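Enquirer: My questions all concern the structure below.
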Amino acid sequence: MMKMTVEETEQLHEEPETSAAPQQLDGADVLIQTLKKHQVEVVFGYPGGAVLPIYDALHKNPIRHILARHEQGAIHAAEGYARVSGKVGVVIATSGPGATNVVTGIADAMMDSIPLVVFTGQVATTVIGTDAFQEADIIGITQPITKHNYQVKDVADLPRIINEAFHIASTGRPGPVVVDIPKNMATGIFIPTDETSYEVNLPGYQPTTTPNFLQIQKAALAISTAKQPLILAGAGILFSKASDQLVQLAEKYQIPVTNTLLGLGTIEGNHPLFIGMAGMHGTYTANMAIQTCDLLINVGARFDDRLTGNLAHFAPNAKVIHIDIDPAEIGKNVPTEIPIVADAKEALQALLDQNAPNGNTAAWLESLQINQREYPLFYEASEEKGLLPQQVVELIHEYTNGDAVVTTDVGQHQMWAAQYYKFNHPHNWVTSGGLGTMGFGFPAAIGAQLAKPEAKVVSIVGDAGFQMTLQELSLLQEMRIPVKIVILNNQALGMVRQWQETFHGERYSHSLIPVQPDFVKLAAAYDLKGYKIETFEDAKVQLKEALASDEPVLIDCRVVQKEKVYPMVVPGTALHEMIGVKPE
Amino acid sequence: MKRIITVSVVNQSGVLNRVTGLLMKRQFNIESITVGHTEQPQISKMTFVVNVEDEQKLEQLLKQLQKQVDVLKVNDITEKSIVVRELALVKVVAPPTVRAEINSIVEPFRAATIDTGKNVVTFQVTGNPEKIDAFIDLLKPYGIKDLTRTGVTAFVRETQKVHTPQLSIL
Ligand SMILES: Cc1ncc(C[n+]2csc(CCOP(=O)(O)OP(=O)(O)O)c2C)c(N)n1
Ligand SMILES: [Mg+2]
């Protein structure tokens, strides 16, 4: 599907190996070699003074490199790539401004546990601390937003540090690792001695992956005796590739399943046991199920505040089983009767192996079905009103058969995408949850498409968030990456506007942006086909055509500005108090 | 509640920053902190005195510390049988007229005189923090010119009277 014009350009750069004499390697050469050992197939980056030696080594020994047009674009693309491929996303940025430009992405990856290894250039060790040109203390800056970080102080340490960085980023609870490389470490000659270690040496880092047997027994007993059990499935299941085990457990014991925002896709969107997403804009059925269940089985979710609503009233009747690979998440927000520190797949498999007798959940499932019938997600469409964002998402779902990779930005459109796009498969949903980073969605789609070249990748973005990182349109132009950009254009910071309408007396302070670029012309400037869609009728024709294309396209959907995301748990209230659960 | 927590760490540059930064990020108040090498050169030990609100917060603190890559071991030794020591240097105004009096006051504390001038004396005193508080209080009326305290370091005794309850999943 994709035309890899970049590979052609890469080939032009490749130079024939000439001298056969053993070459001395510098730190930068070792870095590239080590990346190859880790089977890194693509790196996202942007060059600059401090990383020139690394780019030179990359020139000699190429790895596919995606030259984003802003370091933030590079790191969000790496996140999208990591999310969809399950592999580590690799980023290179220069010192100072290059490094500070990736800070948002690092924080985003930390919040959503995305495995990244970020290489930042640094001024030479001889001048660190002197406010040298393009010096920034990226180790200090990223210390609270990385799983771990390193500054290389001896060229001989490089291979071990890189090996450790990949190990830390991708095991246990994944997360971003920064490796800061002073310029003289990249140019310094690598002279291995007997002391040089390539091995990971991390005595303080040993994530527990195997569940405690006694807790598994307790959990199995609780599951078979529960009358109203509920599974809350989070993104931990995706990292451990445990969707099959999740669905098996749910089906075996007839337990309904709800998802966190990030956990969408872990179970098929149309599965009869799936009751929709929970939380602030979750379904009424899912939130009421949490409030009335007698056993809540949290697998790989962290009881984030957008999920729990008012904690004091969260799941008042439930005994809680919490399966998480990070012990610090257990008991952090919600008291837990049965803690299981483990990899989700191992824990779910161990639970299945217990083969405990089934409880009877028929009455419980029926009561949930009544709620689903009584309180479905709803919107009120009419021709006079205009095109509704929910309609657009439903059409995208229809035209892609639920098989697309969907990335979103942050805001109302994100919630509508989460509510109305029903995923058939895991690892197809890419969104910024914990940090809620506007500007994430579009570059993430580029990374996602590189991870799955054959997939249909649709990036559902808001008109405002898209404008934060739209410079990456250049990548679509250059490489013909066939991402489908769908702007749910409400000419507003829609989510902000909604809150101002509801909580701030309709005072729309700096949230309406009627003056916009002509997005179709913008697309044309990047040699992309653009569409502008204003009615549902048009949408049915043009959206279908646009999504069917093998080319990158931009689709500007002019949607009703005043549409609000419902239902909603108002901050400070409990899940069962949610508003907007039925048409007025 | 005040807790004494010891943390063994791999001696990497930046590890102290990571640990104190973590406490700051999670809104824990550090009352004092001491750090030094252990018998193994590549391992350092930190001793914190922190104020935490409740058991749940304490559990979070211990788990978050344990989660750091360079942290080897975390112990809350507050309820163990322990030896707690702090050292203070106190420079006090002591003209010849009151010097004998001051000396008799500090005597029971087994403080050492480490520097004397015409009108000032500097004492070094070690003990648990309460003892040092008392020492300082007694010298205050004479006029303290300078004061520095190291913060607490602590050791678990060989024989333990009681076993402390294990936190749920640590
Ligand atoms: C970088 C960043 N700045 C500000 C916000 C706060 N914020 C959350 S949603 C939103 C509005 C987004 O507008 P748009 O991208 O058009 O999406 P919509 O809500 O209209 O669908 C804003 C400003 C944010 N999440 N991220
Ligand atoms: Mg908008």
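The values are calculated or read from the model by the stated rules, or taken from the named source; none is laboratory data. Every value quoted in this text rests on a predicted model; they were computed, and no experiment measured them. FYI the Cβ positions are ideal-geometry reconstructions off the backbone, even for glycines, and counts take in every protein chain you see. Areas reflect the complete protein model, heavy atoms only, side chains present, ligands, DNA and RNA absent. Shrake-Rupley method; radii C 1.70, N 1.55, O 1.52, S 1.80 Å.
Enquirer: Of all residues in the stretch B:27-45, count the ones that are touching a Leu at 6+ places or on another chain (Cβ under 9 Å), β-branched (V, I, T) and away from chain A (no Cβ under 13 Å).
Expert: Looking only at that region, the number is 3.
Enquirer: In addition: Take A:A445 and decide whether it is under 22 Å from the mean Cα position of the chain (by Cα), open to solvent by 10 Å² or more (accessible area, probe 1.4 Å), more than 15 Å from ligand 2 (Cβ to nearest atom) and closer than 21 Å to A:R83 by Cα.
Expert: Criteria not met by A:A445.
Enquirer: If A:V486 passes every condition in (1) open to solvent by less than 10 Å² (accessible area, probe 1.4 Å); (2) in contact with a His (Cβ under 9 Å, 6 or more places away or on another chain); (3) more than 14 Å from ligand 2 (Cβ to nearest atom); (4) more than 14 Å from A:G73 (Cβ to Cβ) but one, which one does it miss?
Expert: (3)
Enquirer: Looking at (1) within 28 Å of the chain's Cα centre (by Cα); (2) in contact (Cβ under 8 Å) with a residue 24 or more places away in the chain; (3) open to solvent by less than 70 Å² (accessible area, probe 1.4 Å), which one does A:K544 not meet, given that it meets all the others?
Expert: A:K544 satisfies every listed condition except (3).
Enquirer: On to the next question. Residues in the stretch A:421-436: is at least one open to solvent by 10 Å² or more (accessible area, probe 1.4 Å), within 9 Å of ligand 1 (Cβ to nearest atom) and either away from chain B (no Cβ under 14 Å) or basic (K, R) (or both)?
Expert: yes
Enquirer: Among the residues of the stretch B:46-67, which ones are in contact (Cβ under 8 Å) with a residue 12 or more places away in the chain and facing chain A (nearest Cβ under 7 Å)?
Expert: The answer is B:E59, B:Q60, B:K63, B:Q64.
Enquirer: A further question follows. Can you tell which of A:I162, A:I141, A:I189 is more than 10 Å from every other protein chain (Cβ to nearest Cβ), open to solvent by less than 20 Å² (accessible area, probe 1.4 Å), out of contact with any Phe, Trp or Tyr (no Cβ under 8 Å at 6 or more places or on another chain) and at pLDDT 95 or above?
Expert: Unique residue meeting the criteria: A:I162.
Enquirer: Also, quick follow-up: Going by what's in this entry, would A:E478 be described as away from every other protein chain (no Cβ under 14 Å), open to solvent by 20 Å² or more (accessible area, probe 1.4 Å), more than 16 Å from ligand 1 (Cβ to nearest atom) and not in a helix (DSSP H, G or I)?
Expert: No, not satisfied.
Enquirer: Still on this structure: For the stretch A:492-502, give me each residue that is near ligand 1 (Cβ under 8 Å from one of its atoms) and open to solvent by 20 Å² or more (accessible area, probe 1.4 Å). Break it down stepwise before answering.
Expert: We begin by selecting, within the stretch A:492-502, every residue near ligand 1 (Cβ under 8 Å from one of its atoms); these are A:492-498.
Within the stretch A:492-502, A:L493, A:M495, A:V496 qualify.
Enquirer: Among what's in the stretch A:503-526 and is within 15 Å of ligand 1 (Cβ to nearest atom) and β-branched (V, I, T), pick the residue that is most open to solvent (accessible area, probe 1.4 Å).
Expert: Among those residues, the one meeting the criterion is A:V515.
Enquirer: Hey, could you check the stretch A:396-415 for residues that are among the hydrophobic types (A, V, I, L, M, F, W, C) and open to solvent by 10 Å² or more (accessible area, probe 1.4 Å) and say which is farthest from ligand 2 (Cβ to nearest atom)?
Expert: A:M415
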